[in-house]
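Here's the structure, in structure tokens; my notes come after.
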Amino acid sequence: PFQWDATTNAGFTTGKPWLKVNPNHTDVNVAKEDTDTNSCLNYFRKIVKLRKTNPVLVYGKYTLLDNDNPSVYAYTRELDGKKLLILLNFKPQPAAANLGALDLSKAKLLAGNYPKPTADMHLRGYEAVIYELPAVREAAVFGIPDPQWGELVAACVVLKPGQALSAEELMTHCRRSL
């Protein structure tokens, strides 16, 4: 029976349940976990809310990192200039992931199952963290004819995350820049 509270039969029924109620129902139940900000219930709620409010977690481009690491599952998700890093330690021992050239100096913690993450990005036993990495900028590089010489001139326009420009807008911007 589902353990709603610390009352008789864990608040599941006022009758006699056909399955035995776990004796830990006085310590492990919804009513108790609801008031604990670090409980499994509230962690689950936070993760579900994070997923619902961040399409990047659902639809973002998936990139596996540190493929040969037997302890840590590390990957990024990227969508519309937003990039998230997910690190999951599946072992009871501390572990680290090889994250290559990722710059984590400005990473922002979005979620974790410990009250505070470690400062050096090493994971404690069974630790899970989600970081938002600084916005990814995109650049469009193209050539346009120089009106005076008729030669191609290289131009580069840095776009804001999620920004897109049509060819005409790029040409107009480039002519203003020359």
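The values are calculated or read from the model by the stated rules, or taken from the named source; none is laboratory data. Given the structure is predicted, the values throughout are model-derived calculations rather than measurements. Note that each Cβ is placed from the backbone with ideal geometry, even for glycine, and that neighbours are counted across all protein chains shown. These accessible areas exclude ligands, DNA and RNA; they are computed on the full protein's heavy atoms, side chains included. Shrake-Rupley method; radii C 1.70, N 1.55, O 1.52, S 1.80 Å.
A few notes on this one:
- Anisotropy class of the range 6-60 from Cα gyration tensor, a/c 1.5 cut: prolate
- If R0 is taken as 30 Å, the Cβ-Cβ distance between Glu78 and Asp36 corresponds to a FRET efficiency of 0.35.
- Exceeding the 31 Å Cα-Cα cut-off - candidates Lys46/Lys91; Lys16/Lys116; Lys52/Lys91: Lys16/Lys116
- Global geometry of the range 1-124, whether rounded, prolate or oblate, following the gyration tensor of its Cα atoms and the 1.5 cut on a/c: prolate
- For the range 15-20, backbone phi angles converted through the Karplus equation (6.51, -1.76, 1.60; θ = phi - 60°) give residue-by-residue couplings of x, 9, x, 6, 10, 5 Hz, Gly and Pro being listed as x.
- Straight-line reach from Lys20: taking Cα to Cα under 23 Å and skipping same-chain neighbours fewer than 8 places apart, the lysines in range are Lys32.
- Spacing of the modelled spin labels on Trp18 and Asp68, each 7 Å from Cα toward Cβ, amounts to 5.4 nm.
- Full extension of the segment from Val28 to Lys49, taken as 0.36 nm per residue of separation minus the current Cα-Cα distance, would add 5.3 nm.
- A Cβ-based charge dipole, computed about the Cα centre of the range 36-86 with Lys and Arg at +1 and Asp and Glu at -1, lands at about 340 debye.
- Where the range 1-110 is the region considered: accessible area per residue in Å², 1.4 Å probe: 68 Å²
- Computed from label points 7 Å out along Cα-Cβ, the spacing between Val58 and Ala135 is 2.3 nm.
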